[in-house]
Amino acid sequence: MNLTTIRDVKHHVGQQVRIGCWLHNKRSSGKIQFLQLRDGTGFIQGVVVKSEVGENDWAQAKELTQESSLYVTGEVRVDERSPSGFELTVTGVETIQLSSDYPITPKEHGVDYLMDHRHLWLRSPRQRAIMVIRAQIIRAIQHYFDTNGFYLVDPPILTPSSCEGTTNLFHTKYFDEDAYLTQSGQLYMEAAAMALGRVYSFGPTFRAEKSKTRRHLIEFWMIEPEMAFVDHEENLRVQEQFVSHIVQSVLENCSQELVTLERDLTKLQNVTAPFPRITYDEAIDLLKEKGMELPWGEDFGAPHETEIAKHFDKPVFITHYPTSFKAFYMKPKPDRPEVVLCADLIAPEGYGEIIGGSQRIDDPELLAERFREHELGDEAYRWYLDLRKYGTVPHSGFGLGLERTVAWICGLEHVRETIPFPRLLNRLYP
Ligand code: 4AD
Ligand code: MG
């Protein structure tokens, strides 16, 4: 008999099916065994009744241990009480391998223990739900750009220079030269935008962050669109459309997984464009009112972002940060050059910054001046200055952090669960 999947049993009600699966859990009451089966596409309960199966099938079912692999055959029945809506009346069991001493039992384990067993932890219903939602988010991201006139462009991963400052550069050797793993593909995406108009990249980025926080990974995935002839205002409009599209597509396609994660759906249903905007100055005033005074010119930390987000039920843009602590490439506001045409998008519920973006400096003289100020005048950036020399145009872009987006949409405490194999300070295994 051909194999089917748990996802597809709905097309086979009343019929016999055969499924390749693992035993997730088991209960038995003498004459009946209830097998909780999983195959990656979902979970289903298989009911084995002693009087209705052969002796051999009963014996094999009885032997099954947690994470044993098997083929099960049975008849699909509708079962309103089960989360999947279906149940399997088992007629046959063929064990592939009996698993013994599976390290992750239904009891509680510590985080370090689970992280050491990440390769197995991924099989749990919760971790599976997160990975399914991550995959849906990626699908929604690609769909948004592919249907809105963007070309996918891949910037390099090994680079001779930094984009976001030198403090967390990941150093490596490139034969005899020094090289760095990319912190951001932005500078290359600016070149691509001058060639293709609207472009986006989707790839891994690396930051040797020495801090342990619930929002930082050493290796994370970033989506970086860059758009020629787009100014600061339009940049924000693209971002709010894009982020709303992602959230709504997860609501549409991952309802079961959101239930598994016990996510509060009303919080996500709310996420529709437009998003509120406040300036850095207004944010400073708001923080002062709440007793979190900060001198003008200082950057916000996680507690400040969380406080600001509390006042909105959607993601909020904080715009026009001081030029002094933002990246060298951001365009100053023409009538007030001490702030830049930039925005960070802060997710609700304390998830912090998910997007950093800006309009870029298009004036060659000003860019050259910034290079001197930031002491970036070396050979590695010569090509970047060329972009302002040969037909410079106004342009803007942004970077969305995939893992922070997954953490927010799934409602997770820590980014370590948002990526299959997280790279953290002190963790390179497994
Ligand atoms: O704000 P960032 O540093 O912006 C840039 O890199 C720009 N060059 C992007 C651009 O305009 N093309 O990073 C962008 C986003 C952050 O908002 C955050 O979501 C995520 O990347 N991010 C991290 N996520 C996980 N772990 C880290 N260590 C991260 N650092 C940044
Ligand atoms: Mg940022």
Checklist entry - What list of ³J(HN,Hα) couplings, whole Hz, do you get for region 72-81 from phi and the Karplus terms 6.51, -1.76, 1.60, once you set θ to phi - 60° and write x for glycine and proline? => result 10, 10, x, 9, 7, 10, 6, 9, 4, 6
Checklist entry - How large is the charge dipole for region 104-175, taken about the Cα centre, if only the Cβ atoms of Lys, Arg (+1) and Asp, Glu (-1) carry charge, to the nearest 20 debye? => result 320 debye
Item to check | Gaussian network model of the chain, Cα within-10 Å springs - most flexible of Glu289, Glu226, Glu234 | outcome: Glu289
Checklist entry - Under unit Cβ charges (Lys, Arg +1; Asp, Glu -1), what dipole magnitude, rounded to 20 debye, does the chain have relative to its Cα centre? => result 1360 debye
Item to check | Global size of region 300-409 as Cα Rg and Dmax, reported in angstrom | outcome: 16.0, 46
Checklist entry - How much length is gained if the chain between Thr392 and Asp362 is pulled fully straight, taking 0.36 nm per residue apart and subtracting their Cα-Cα distance, in nm to one decimal? => result 10.2 nm
Next on the checklist: Quick query: amide H of Phe170 versus all other amide H atoms, modeled in the peptide plane; which residues come in under 5 Å with a sequence gap of 5 or more or a different chain?
Outcome noted: Leu181, Ala208
Checklist entry - Counting pairs of Cα atoms in region 62-124, how many percent are more than 14 Å apart? => result 69 percent
Item to check | Links that overshoot a 21 Å alpha carbon limit, given the list Lys26/Lys50; Lys288/Lys310; Lys212/Lys288 | outcome: Lys212/Lys288
Checklist entry - With springs only between Cα atoms under 10 Å, which of Ser28, Ser84, Ser201 fluctuates most in a Gaussian network model of the chain? => result Ser28
Checklist entry - To the nearest 0.05, how large is the calculated FRET efficiency for Glu293 and Gln248 if R₀ is 30 Å and r is the Cβ-Cβ distance? => result 0.20
Checklist entry - Quick one: Karplus J couplings for region 259-266, per residue in order, coefficients 6.51, -1.76, 1.60, θ = phi - 60°, nearest Hz, x for Gly and Pro? => result 5, 3, 8, 6, 6, 6, 6, 4
Item to check | Taking N as its residue count, the alpha carbon Rg of the chain over 2.2 N^0.38 Å | outcome: 1.18
Item to check | FRET efficiency, Asp285 to His374 (Cβ-Cβ, R0 30 Å, nearest 0.05) | outcome: 0.50
Checklist outcome for this item: Interchain or sequence-distant (5+) residues whose placed amide H lies within less than 5 Å of the amide H of Ser99 are Thr65, Ser68, Ser69
Checklist outcome for this item: Ranking His119, Val49, Val238 by how far each Cα lies towards the positive end of the charge dipole of the chain (+1 on Lys and Arg Cβ, -1 on Asp and Glu Cβ), the top one is Val49
Checklist entry - Tell me, Met1, Met131 in order of fewest to most beta-carbon neighbours within 10 Å? => result Met1, Met131
Checklist entry - So, how do all the Cα-to-Cα distances of region 82-161 break down into 5 Å bins, in percent, from 0 on up? => result 3, 9, 10, 11, 13, 15, 13, 9, 8, 6, 2, 1, 0
Checklist entry - Longest segment of the chain with no chymotrypsin sites (Phe, Trp or Tyr not before Pro) in a DSSP loop having at most 11 other Cβ atoms within 10 Å? => result 1-174
Checklist entry - Dipole magnitude of region 1-117 about its Cα centre, charges +1 at Lys/Arg Cβ and -1 at Asp/Glu Cβ only, in debye to the nearest 20? => result 320 debye
Checklist outcome for this item: Quick calc, Lys173 & Phe325: beta-carbon distance into FRET formula, R0 41 Å, rounding 0.05, result 0.85
Item to check | Packing-based exposure ordering (other Cβ within 10 Å, fewest first) of Val243, Val316 | outcome: Val316, Val243
Item to check | Pairs of Cα atoms farther than 17 Å apart, region 1-112, % | outcome: 51 percent
Checklist outcome for this item: Here region 284-293 yields Karplus 3J(HN,Hα) values (6.51, -1.76, 1.60; θ = phi - 60°; whole Hz; Gly and Pro given as x) of 4, 5, 4, 5, 4, 4, 8, x, 10, 5
Checklist entry - Which of the lysines could a cross-linker bridge to Lys331, judged by Cα under 24 Å and excluding same-chain residues fewer than eight apart? => result Lys389
Item to check | Nitroxide proxy distance, nm - points 7 Å out along Cα→Cβ at Arg123 and Asn56 | outcome: 2.5 nm
Next on the checklist: Report the Cα centroid-to-centroid distance between region 1-47 and region 128-188 in angstrom, as an integer.
Outcome noted: 40 Å
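FYI, it's all coordinate maths here, none of it is from the lab. For clarity, every value in this text was computed on a predicted model and none was experimentally measured. With ideal geometry, Cβ positions are generated from the backbone for all residues, glycine too; neighbour counts draw on all protein chains shown.
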